[in-house]
Amino acid sequence: MSAANVRPFEFLSAGRIVFGSGTATSLGERARAYGSRALWVTGKSAERHAALEQQLRAAGVELVHVRVIGEPRVEDALAAVAVGQTIRVELVVACGGGSVLDLGKAAAALLANPQDPFEYLEVVGKARPLPHPALPLIAVPTTAGTGAEVTKNAVLASAAHGVKASLRHDSMLPALALVDPELTLGMPPSVTAATGLDALTQCLEPYVSGQHNPLTDALALEGMRRGARSLARAFREGADLAAREDMALCSLFGGLSLANAKLGAVHGFAAPVGGQFESPHGAVCARLLPLVMEANVAALRARQPHSEALPRFERVARVLTGNESAQIEDGIAFVRQLTSELAVPGLSSYGMTASHVPEIVAKAAVASSMKGNPIALTAAELSAVLERAL
């Protein structure tokens, strides 16, 4: 009998995924199936989603409201729990970008487990599993980037530790991911660029990760294909619904891929950079992506020339460029050109200097995302990436 070619794998996702332009109009009736008292989580401009809020109320769902301004902190999660407890909410409905969805997931977890969050936080806490399942969460993304609508973790910043860390549990997977590309039409170009490049990264890193499987491969490749052909168009022509649909799928497929096949050094860096400097997660990932690709390929060629990751990087190049004869360097050049076209700034624009590099490298080395990188990069290699990213 010949040996099996496919490693055993599991695949986790949201309880239900509803995708399509106009599907957000079903939010009220869908939410009512999970309960009648909800924590309504939005970004600072809740008025943008007033029609959805009215839908919920019309369906008989009593709401208490919290807004997320910037990326969520541990303190924000605790404040959201306190608001939710005022009416003993039965579910959480989060409508917004990745920060909003992360806060919604954290609140759903902590409402059911109202202990100190550091009992459950990874890296900076005890990383204990949640003793009770999180409350049901409906995730309604309004950006096309994080894929948080189909992942089981919530990233929170801990100011005391200068880092971002995750709450993570299978029960934190949203009960419903309601993905309506029409909700992304209002994104400004800078947000389109940052979130879109994050989505592309979250398809690429799982594809070259050592944890990939046939299901994540299919999703990641299709996500990269759609993102590569449509991101620049969505950036230039924000009302192009076909481009927005492609990017919403790129984000969704990236979320499904990373939830099941891990990420890599780009996100390993992004957690400590974002924890220490006020910076958009997607923009940080975008700046790092071509540099990490170069570092990984060079390290693989030098130390693991027979690694399966190298032909995978070649396949990435062919998908990104649409050219079946493209080489690895063509893929890196495509990403570099795309980040230039989308005006991605250097990390120094957020206040980072060369003096911060050793500390960021030390924190990145123990970040959970770094475990998915296709090769263990040395401290010198990691430092070189950061210095070039400034």
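All of the numbers you see were taken from the coordinates with simple rules; none came from a lab. In this text the structure is predicted, and so the values were computed from the model without any measurement. Virtual Cβ from ideal backbone geometry, glycine too; neighbours counted across all protein chains shown.
Only helical runs count toward this figure. For the chain, summing -39,500 (n - 2.57) over DSSP H runs of n ≥ 4 and dividing by all residues gives -15500 deg cm²/dmol at 222 nm. Annotated for the chain: lysine pairs at least 8 residues apart or interchain, Cα distance under 28 Å, count 24. Suppose we look only past 25 Å in the calculated P(r) of the range 16-184. What percent of the Cα-Cα pairs does that tail hold? Distances greater than 25 Å cover 22 percent of the Cα pairs. Across the range 70-82, rounded Karplus estimates of 3J(HN,Hα) from the backbone phi angles (6.51 cos²θ - 1.76 cosθ + 1.60, θ = phi - 60°) give x, 7, x, 10, 4, 5, 5, 5, 5, 5, 5, 4, 4 Hz, Gly and Pro being marked x. The amide H of Arg37, built 1.01 Å from its N in the peptide plane, has Glu62, Glu90, Leu91 as neighbours under 5 Å, considering only residues 5 or more places off or on other chains. If you take the Cα centroid of the range 1-60 and the Cα centroid of the range 77-111, the two points sit 14 Å apart. Normalised by the number of residues in the chain, the mean separation of alpha-carbon contacts (under 8 Å, six or more apart) gives a relative contact order of 15 percent.
Hey, how many Å between the Cα centroid of the range 297-371 and the Cα centroid of the range 243-294? Between the Cα centre of the range 297-371 and that of the range 243-294, the gap is 11 Å. For the range 198-389, the fraction of C-alpha pairs farther apart than 20 angstrom is 52 percent. With θ taken as phi - 60° and the Karplus curve 6.51 cos²θ - 1.76 cosθ + 1.60 applied, the whole-hertz 3J(HN,Hα) list for the range 32-43 is 4, 5, 9, x, 10, 10, 10, 8, 9, 10, 9, x Hz, x standing for glycine and proline. Under Stokes-Einstein, with the Kirkwood radius over Cα pairs as Rh, the value for the chain at 4 °C and 1.567 mPa s is 62 µm²/s. With θ taken as phi - 60° and the Karplus curve 6.51 cos²θ - 1.76 cosθ + 1.60 applied, the whole-hertz 3J(HN,Hα) list for the range 376-390 is 6, 7, 6, 4, 5, 5, 5, 4, 5, 4, 5, 5, 6, 6, 5 Hz, x standing for glycine and proline.
You can think of it this way: the chain between Asp240 and Ser340 has 33.9 nm of extra reach, that is 0.36 nm per residue less the Cα-Cα gap. About the centre of its Cα atoms, the chain shows a dipole size close to 340 debye [charges on the beta carbon of Lys, Arg (+1) and Asp, Glu (-1) only; nearest 20 debye]. Once the gyration tensor of the Cα atoms in the range 153-214 is diagonalised, the equivalent ellipsoid follows with semi-axes of 23, 19, 17 Å, ordered largest first.
For the range 131-186, trypsin sites (Lys or Arg not before Pro) meeting the loop criterion (DSSP other than H, G, I, E, B) and having at most 10 other Cβ atoms within 10 Å: none.
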